[in-house]
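This report concerns only the one structure given below.
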Amino acid sequence: MELRDPIARALRQLSHHPRVTAVGIPQMIAGSVWVVVDFDSNLPNRWKAHGHSDSGVKAIEPVTFIFTQSYPADAPLVCLRDGFDRSHPHIQPGHPAVPPVPCYVDGQPREFMRLHGVRGIADQLSRWLEKAAFGALIGEDDEWEPTRRDDFDDVVVFDAAGLRQLPGRNAGAAFVGSMVLRDDEVEPKSDRLSIWLASLQLTLNEKAFQALGSAGGVAPALGLVAWSGRTSSGAPFVAGRYRPEIVVTLAELVERSRELGCREPLVAQLDLLRRRINGRPLRASLFLSIVLLARRPKNVIGQGSFWELCPYLVEIKSADDLMAGATVPVRMLMHRDQISTALLRRASGLNDPRERSWTLLGCGSVGSKLAIHLAREGHGPSALVDRDRLNPHNYARHALIPMGASEGLISCSKSGQLMGALEGLGQKAKGFGGDIVAASLDDDPTARKRWWADGTAFLVDATGSPTVTEVLSLPEVIESRPRAIETSLLGGGKIGFMGIEGPASNPSLLDLTVEGYRLLGADPAAREAAFGHEAQTISVGQGCSSVTSAMPDSLISTLAAPMALELGRLYRDCLPPDAGTVLLGTFAPDALSLNWNRTRIEPFHQVDENGMSRTTRLSARVVELINREIARRPHVETGGVLMGRYSEIGDVFHVVDILPAPSDSKFSASEFELGVTGLSEALRASFDLYRGAIYPVGTWHNHLSDSGPSRTDVMTCVSLALAQLFPVLMLIRTPSRFRFLSLEGHLKSFQPRNSAA
């Protein structure tokens with residue numbers, strides 16, 4: 001079976017991982033490549049004798065990698081074996097008929113893979129399996145991981161602290177008021193529901209039942225909260241077993257309430273509601289929100305309480321839906337807490353009369369601040385692109401504030417809300433909710449052209465996504481868009497990065513990003529913040545549903561405000577006419593003083609070879625360093641090591657630095673041979689400097705005549721390719737031009753590696 005290069009490369013990298021014992025034969029299923037990879041779960045000897053740990057993790061665990069057509073833009077899907085115990089925490093919710101999926105990274109796998117590669121995924125899976133074997137996915141000192149409820153559209157908004165005040169000494173249940181709220185969107189309406197619950201108990205007498213649906217909502221609604229009490233010994237009932245969320249019917253919900261210690265009071269209240277409906281049938285469906293309060297053995301992550309709130313939604317059409325054993329469908333509700341004044345903050349800016357159109361990609365914490373700052377100057381964006389939704393907790397760091405009580409209770413599109421805020425400031429903008437990555441990879445440019453109409457001065461990428469940076473730097477995308485500006489926070493919010501493209505997007509966003517890594521490595525304080533242990537640590541599973549770093553709004557504003565000032569200047573004075581720019585903002589040790597360094601980045605030199613889609617981009621600094629080395633030895637060939645990054649999505653090398661030839665290198669008029677003395681130490685020092693953000697991608701040498709790769713060059717390149725797990729670059733400088741040779745080992749001839757007998 002012939003595999004696409006990125007997939008073959010990934011399998012080769014997996015086969016070389018120290019914890020991988022075997023890579024199976026790839027199979028094509030429904031257009032995707034499925035491969036079973038065996039992982040050594042590193043069991044102690046006492047468990048190896050039995051072949052599994054006490055928690056059921058096998059000594060060798062098969063993990064299925066699924067490479068879809070969108071790979072490498074998207075990370076491979078990862079599944080465990082069918083019989084893997086689903087009671088482990090950090091397993092994605094899913095039906096028992098579907099193989100369990102581990103939650104092995106904090107955030108989105110595709111963004112993690114962009115920074116750490118497939119090997120990083122293997123590292124995380126190894127750690128996940130080892131922790132699962134010891135039952136330590138939630139450690140002794142960790143907080144309780146809440147039940148996963150990802151990818152559900154229905155949202156319930158309530159005051160969590162208020163509901164946690166309801167439980168008393170004994171188990172109980174209580175009705176509370178509720179409203180189904182209207183959710184206006186930029187895009188056509190979906191059948192998602194946003195529901196609000198009160199935190200005060202409601203006595204469901206005849207009068208209260210008749211009032212359902214008259215509280216201002218769009219449909220009759222009611223809330224029901226149930227909680228556990230104490231055991232026969234007098235100790236609090238504790239739900240200490242982690243369970244994935246698989247409730248799909250009311251009967252299963254009642255069974256789940258038994259596990260949580262509140263079945264009897266819940267059933268009693270459901271029976272009361274059934275009798276009320278029997279006495280006076282419903283004229284329309286009643287949306288019943290049920291919240292089970294589960295008392296956990298330790299505080300729930302991010303909640304400061306041992307009460308976990310598990311909300312569900314049942315659409316009741318008749319009294320029969322509430323009979324014992326009813327199979328009426330249950331929908332999962334995603335809880336969003338209510339907004340308080342402590343979450344809100346206003347921004348201010350300057351004014352300027354000029355008007356130009358520009359596009360904002362990403363309407364989150366950074367993007368929204370940039371938009372509002374410039375809108376307060378009268379120059380807000382003309383187009384807003386963000387597929388995510390603005391939820392109540394985002395207001396802690398988002399530039400917007402809710403304009404009324406009900407607006408803060410519903411989840412709505414970020415672009416739509418920001419568009420409304422700009423309209424309130426007297427400026428028109430179009431909001432779009434598409435996937436920037438998918439649209440950029442689409443061969444039809446009309447999918448993205450609508451985001452930046454003709455005449456758009458520039459676009460600002462505030463997504464903070466490395467994947468978006470790469471796809472925006474693809475040649476076909478550059479041809480269809482205006483010049484771009486990158487704005488992001490690095491090092492957990494300790495560093496501000498701003499990259500401004502040059503004319504014709506040269507240097508491009510990705511060129512500027514790689515140059516930014518090099519500049520960070522040259523600054524000891526910035527290097528530690530960007531590449532140090534704290535910035536590199538990835539915690540298995542903790543805060544699985546959060547894709548942003550926790551940081552105060554004041555920190556984001558401190559870095560975003562200078563970016564907005566620079567954007568305002570660029571808006572008024574236009575982008576640089578002859579080069580690109582990298583701006584890096586870093587804090588002084590007192591964490592108050594902020595310093596921004598501006599570096600001019602000359603256009604990159606692109607090297608192409610006939611018949612090859614792969615390209616090489618050299619910074620002007622690298623070209624100068626190479627020419628300088630050649631001038632030092634005018635009558636012999638010389639060379640060195642190339643430092644940069646390889647982009648899989650674009651199939652392009654970005655070279656921003658070189659390491660000089662070791663002292664034992666051989667220089668002659670016909671050949672250059674790279675030495676080894678001190679090379680390992682230099683490479684280790686480079687790794688310590690950049691922590692893998694920049695790494696060796698190949699070598700360079702020059703020819704004294706305008707000749708292409710020699711036989712020795714080809715053989716050397718083959719040797720290097722066989723030893724490297726991604727394409728190797730051999731750059732050749734001739735008197736008139738640059739050329740390059742690039743090979744990759746074992747792609748078409750990939751063979752599965754089996755375990756030793």
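The figures follow:
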quantity: Extreme residue, nearest to R275 (Cα to Cα), among residues of the range 289-306 that are part of a strand (DSSP E or B) and in contact with a helix residue (DSSP H, G or I) (Cβ under 8 Å, 6 or more places away or on another chain); calculated: I290
quantity: So A73, is it surrounded by fewer than 22 Cβ atoms within 10 Å (Cβ to Cβ), in contact with a Leu (Cβ under 9 Å, 6 or more places away or on another chain) and in contact (Cβ under 8 Å) with a residue 60 or more places away in the chain; calculated: yes
quantity: Filter pass, E486 being surrounded by fewer than 19 Cβ atoms within 10 Å (Cβ to Cβ), at pLDDT 85 or above and either among the charged types (D, E, K, R) or assigned by TED's automatic domain parsing to the domain that holds Q108 (or both); calculated: no
quantity: One residue from S440, S413 being surrounded by 16 or more Cβ atoms within 10 Å (Cβ to Cβ), over 27 Å from A160 (Cα atoms) and of a type in the set (S, T, Y); calculated: S440
quantity: Tabulated pairs, the range 555-583, first in the same structural domain as A457 (by TED's automatic domain parsing), second surrounded by 17 or more Cβ atoms within 10 Å (Cβ to Cβ) and among the aromatic types (F, W, Y), C-beta under 8 angstrom, 6+ apart or interchain; calculated: L570/F458; Y571/W358; L575/F458; V582/F497; L583/F497
quantity: Which listed residue is small (G, A, S), touching a Phe, Trp or Tyr at 6+ places or on another chain (Cβ under 6 Å), farther than 18 Å from S368 by Cα and assigned by TED's automatic domain parsing to the domain that holds L570, from A457, A447, A453, A439; calculated: A457
quantity: Lone qualifier among S647, S670 - being modelled with pLDDT of 90 or more and of a type in the set (G, A, S); calculated: S647
quantity: Complete set of residues in the range 63-73 that are under 21 Å from E648 (Cβ atoms) and outside any loop (DSSP other than H, G, I, E, B); calculated: F65, I66, F67
quantity: For G580: the one exception among (1) more than 32 Å from the chain's Cα centre (by Cα); (2) of a type outside the set (S, T, Y); (3) under 28 Å from F740 (Cα atoms); calculated: (1)
quantity: Residues (modelled with pLDDT under 75 and touching a strand residue (DSSP E or B) at 6+ places or on another chain (Cβ under 7 Å)) located in the range 382-417; calculated: P392, H393, S406, L409, I410, S411
quantity: Of all residues in the range 552-597 being aromatic (F, W, Y) and at pLDDT below 90, the one that is surrounded by the fewest Cβ atoms within 10 Å (Cβ to Cβ); calculated: Y571
quantity: Among the residues listed as G493, G516, G499, the single one being modelled with pLDDT of 95 or more, among the small types (G, A, S), under 24 Å from S557 (Cβ atoms) and surrounded by 19 or more Cβ atoms within 10 Å (Cβ to Cβ); calculated: G499
quantity: So H379, is it over 26 Å from the mean Cα position of the chain (by Cα), surrounded by 18 or more Cβ atoms within 10 Å (Cβ to Cβ), in a loop (DSSP other than H, G, I, E, B) and at pLDDT 70 or above; calculated: yes
quantity: Inter-residue pairs, beta-carbon under 7 Å, first of a type in the set (D, E, K, R) and loosely packed, with under 14 Cβ neighbours inside 10 Å and in the range 725-754, second at pLDDT 60 or above and in a loop (DSSP other than H, G, I, E, B), 6+ apart; calculated: K748/E2
quantity: Breaking point among (1) in contact with a helix residue (DSSP H, G or I) (Cβ under 6 Å, 6 or more places away or on another chain); (2) on the phi > 0 side of the Ramachandran plot, for V582; calculated: (2)
quantity: Residue list for the range 494-519, restricted to those being outside any loop (DSSP other than H, G, I, E, B) and farther than 19 Å from A560 by Cα; calculated: P503, A504, S505, L510, D511, V514, E515, Y517, R518, L519
quantity: So N627, is it over 17 Å from T513 (Cβ atoms) and not assigned by TED's automatic domain parsing to the domain that holds G521; calculated: yes
quantity: Pick from the range 607-644, criterion acidic (D, E) and out of contact with any Ser or Thr (no Cβ under 7 Å at 6 or more places or on another chain), ranking: modelled with the lowest pLDDT; calculated: E609
quantity: Within the range 609-624, considering residues that are over 17 Å from H701 (Cα atoms) and hydroxyl-bearing (S, T, Y), the one surrounded by the most Cβ atoms within 10 Å (Cβ to Cβ); calculated: T615
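The values are calculated or read from the model by the stated rules, or taken from the named source; none is laboratory data. The structure presented is a predicted model; accordingly, all values stated were derived computationally and were not measured. Note that each Cβ is placed from the backbone with ideal geometry, even for glycine, and that neighbours are counted across all protein chains shown.
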